[in-house]
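Let me begin by presenting the structure, written as structure tokens, before commenting on it.
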Amino acid sequence: MKNYKTIILGAGLIGSSIAFHLSKKETGILVVDQGYPSSGTSGSNQSWIWVHTKKPDYYAEFSMYSAELYPSLKKELSMDFEYRRTGGISPIFTKEEWEQAERMVEEQRARGINIKLLTKKQALKKEPALNPDILGATYSSLDGHVNPMRLNTSLYLSAQKNGVSFSFYNKVLHVERENNGNFIVTTQNKVYYAEKVVIAGGKWTSEMANWFDARVPIEKVKGQIIVTEPIPPLLKHIVRGMRQTNNGEILIGMSSEYEDNRTTTFDVMKQSASLAVKLIPKLNNVRIVRHFSGVRGVPIDKLPVLGEIPDNRGLFVAATHSGVTLTPIVGYILSEIIMREKPSISIAPYDVKRFYYKDVIK
Ligand SMILES: Cc1cc2nc3c(=O)[nH]c(=O)nc-3n(C[C@H](O)[C@H](O)[C@H](O)COP(=O)(O)OP(=O)(O)OC[C@H]3O[C@@H](n4cnc5c(N)ncnc54)[C@H](O)[C@@H]3O)c2cc1C
């Protein structure tokens with residue numbers, strides 16, 4: 001039996017980022033995971049840091065603030081996590097898409113987001129491998145990508161260096177309150193005590209919240225990704241639907257299936273390959289060497305769920321889709337909220353309270 005100040009449930013990118021940022025403010029932190037860092041969704045994704053087509057516009061702005069924190073996170077963490085701010089391109093093929101893009105660019109620019117609508121000539125100059133049949137593209141220099149496994153390991157090692165304890169392969173079975181209001185965390189290996197608990201369980205968040213009869217509605221949405229053989233540098237940017245890693249592989253995929261399993265299917269592989277060749281015709285002769293899937297934990301209204309759960313003092317939650325993009329900001333802001341500091345940025349649209357009280361400001 002051991003007492004901690006704060007126990008974080010889940011060592012994915014979100015739990016590890018909270019641990020790292022919180023470790024600069026308090027001691028006595030434990031992170032518990034049923035697997036290892038990145039055994040959940042953080043190890044099975046595309047890993048774009050993507051801002052410029054996010055909707056609604058205030059959420060794009062929130063994503064921008066997170067993307068802007070990456071360069072300083074890179075300096076702070078000891079391990080290289082292959083962060084590259086390449087800029088992102090979203091190709092446009094139809095007149096209808098062009099009109100939608102015009103509206104989006106206007107909205108996002110009004111939010112201070114650096115986004116441009118490129119003509120076909122400008123887009124092909126920027127990314128020569130694009131299909132010459134495009135009408136144009138949207139572009140933002142804010143976008144980039146990382147290696148998510150290295151990022152998670154880097155956050156975990158830096159948090160550990162700051163004194164955070166981690167317990168892996170240790171499933172949390174139940175969490176309840178003691179009479180004094182503190183928490184009893186029962187895991188498969190041990191029982192721990194804590195003043196505060198943070199639910200960072202990704203797609204498992206709703207089940208964890210159920211221990212407190214708390215409402216955090218999360219949908220489970222599978223995504224499949226195909227991986228090519230390593231090829232010489234072809235993509236200068238992340239192109240919506242794909243990115244080229246440091247060792248030359250191209251990760252391709254934008255599929256969404258409302259399923260909670262990690263099987264891969266031939267039809268989605270074919271769709272992903274067709275999408276890739278439509279966007280980048282040179283990929284026609286490139287071999288696929290791997291195919292994997294991951295399950296997104298997507299809050300029911302598609303927006304992050306952050307903050308202290310109502311009527312549950314000391315119980316915090318951080319659950320989001322696009323958790324790679326949002327890793328820095330969620331870790332930073334949650335550390336402020338947990339320490340009862342005023343958050344640097346308002347979390348009103350993302351506050352978990354919205355599932356309890358209708359009058360939470362949008
Ligand atoms: C196909 C795909 C593509 C994606 N592409 C992108 C992208 O390009 N950009 C982007 O920003 N985001 C992307 N995402 C989303 C991103 O991967 C997730 O938002 C992010 O990884 C969530 O991190 P997390 O820490 O909340 O969850 P997880 O990494 O799942 O961490 C939760 C942890 O909780 C642990 N856990 C669960 N239950 C228990 C228990 N009872 N006891 C102990 N531990 C427990 C799990 O083992 C897990 O490690 C993508 C996701 C998918 C599936």
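Mind checking whether some residue in the range 136-148 is within 16 Å of the ligand (Cβ to nearest atom) and either among the basic types (Lys, Arg) or assigned to a helix (DSSP H, G or I) (or both)? Give the steps one after another, and end with the answer.
Here is the first cut: in the range 136-148, the ones within 16 Å of the ligand (Cβ to nearest atom) are 140, 142-148.
Going one step further and asking which of them are either among the basic types (Lys, Arg) or assigned to a helix (DSSP H, G or I) (or both), we end up with 148.
Yes: the range 136-148 contains one or more residues that are within 16 Å of the ligand (Cβ to nearest atom) and either among the basic types (Lys, Arg) or assigned to a helix (DSSP H, G or I) (or both).
Taking the condition of being among the small types (Gly, Ala, Ser) and either under 19 Å from Glu207 (Cβ atoms) or surrounded by 24 or more Cβ atoms within 10 Å (Cβ to Cβ) (or both), how many residues in the range 22-38 meet it?
Residues that pass the stated criteria total 1.
I'd like to know if the range 34-44 contains one or more residues that are assigned to a loop (DSSP other than H, G, I, E, B), closer than 30 Å to Ile92 by Cβ, under 19 Å from the mean Cα position of the chain (by Cα) and in contact (Cβ under 8 Å) with a residue 60 or more places away in the chain.
Initial filter on the range 34-44 (assigned to a loop (DSSP other than H, G, I, E, B)): 34-40, 44.
From the residues that got through so far, the ones that are closer than 30 Å to Ile92 by Cβ too are 44.
From what is left, the residues that are under 19 Å from the mean Cα position of the chain (by Cα) are 44.
Checking which are in contact (Cβ under 8 Å) with a residue 60 or more places away in the chain leaves us with 44.
Yes, the range 34-44 contains at least one residue that is assigned to a loop (DSSP other than H, G, I, E, B), closer than 30 Å to Ile92 by Cβ, under 19 Å from the mean Cα position of the chain (by Cα) and in contact (Cβ under 8 Å) with a residue 60 or more places away in the chain.
Out of curiosity, is Leu73 in a helix (DSSP H, G or I), open to solvent by 20 Å² or more (accessible area, probe 1.4 Å) and either touching a residue at least 24 places away in the same chain (Cβ under 8 Å) or within 18 Å of Arg296 (Cβ to Cβ) (or both)?
Spelling it out, it is not the case that Leu73 is in a helix (DSSP H, G or I), open to solvent by 20 Å² or more (accessible area, probe 1.4 Å) and either touching a residue at least 24 places away in the same chain (Cβ under 8 Å) or within 18 Å of Arg296 (Cβ to Cβ) (or both).
Please go through the range 48-64 and pick out each residue that is open to solvent by 30 Å² or more (accessible area, probe 1.4 Å) and either within 13 Å of the ligand (Cβ to nearest atom) or not in a loop (DSSP other than H, G, I, E, B) (or both).
Listed by number, the residues that qualify are Trp48, Asp57, Tyr58, Glu61.
I need the full set of residues from the range 195-205 which are crowded, with 23+ Cβ neighbours inside 10 Å and more than 8 Å from the ligand (Cβ to nearest atom), in order please.
Result: Val197, Val198, Ile199.
Would it be correct to say that Gly241 is out of contact with any His (no Cβ under 9 Å at 6 or more places or on another chain), within 12 Å of the ligand (Cβ to nearest atom), open to solvent by less than 30 Å² (accessible area, probe 1.4 Å) and modelled with pLDDT under 95?
yes
Restricting the range 199-256 to residues that are part of a loop (DSSP other than H, G, I, E, B) and among the β-branched types (Val, Ile, Thr), which is nearest to Leu303 (Cα to Cα)?
Step one: filter the range 199-256 for residues part of a loop (DSSP other than H, G, I, E, B), giving 200-201, 211-217, 229-237, 240-241, 245-249, 253-256.
Add one more test, that the residue is among the β-branched types (Val, Ile, Thr), and what stays is 216, 231, 245.
Details: Val216: 12, Ile231: 36, Thr245: 28 Å.
Once the filter is applied, the top-ranked residue is Val216.
Cβ contacts < 7 Å: first residue under 24 Å from Ile218 (Cα atoms), restricted to the range 340-354; second residue in a loop (DSSP other than H, G, I, E, B) and open to solvent by less than 30 Å² (accessible area, probe 1.4 Å), any location; separation 6+ or different chain. Result?
Going by the 7 Å Cβ cut-off, the qualifying pairs are Pro349/Leu303; Tyr350/Leu303; Tyr350/Pro304; Val352/Val216; Val352/Ile309; Lys353/Pro310.
When you go through Ile18, Ile14 one by one, which is the residue that is open to solvent by less than 10 Å² (accessible area, probe 1.4 Å) and more than 30 Å from Leu118 (Cα to Cα)?
Step by step, each of Ile18, Ile14 is checked, and only Ile18 is open to solvent by less than 10 Å² (accessible area, probe 1.4 Å) and more than 30 Å from Leu118 (Cα to Cα).
Say we look at the range 1-35 and pick out the residues that are small (Gly, Ala, Ser) and closer than 11 Å to Leu334 by Cβ; which of these is nearest to the ligand (Cβ to nearest atom)?
My answer is Gly15.
Just need a number here: residues in the range 267-302 that are assigned to a loop (DSSP other than H, G, I, E, B) and open to solvent by less than 10 Å² (accessible area, probe 1.4 Å).
Result for the range 267-302: 1.
Return the residues of the range 156-183 that are near the ligand (Cβ under 10 Å from one of its atoms) and under 22 Å from the mean Cα position of the chain (by Cα); say none if nothing qualifies.
The one that is near the ligand (Cβ under 10 Å from one of its atoms) and under 22 Å from the mean Cα position of the chain (by Cα): Phe168.
The values are calculated or read from the model by the stated rules, or taken from the named source; none is laboratory data. Owing to the predicted nature of the structure, the values given are computational and were not obtained by experimental measurement. As a convention, Cβ positions derive from the backbone with ideal geometry for all residues, glycine included, and neighbour counts pool all protein chains shown. Note: areas computed on protein heavy atoms with side chains; ligands, DNA, RNA excluded. Shrake-Rupley method; radii C 1.70, N 1.55, O 1.52, S 1.80 Å.
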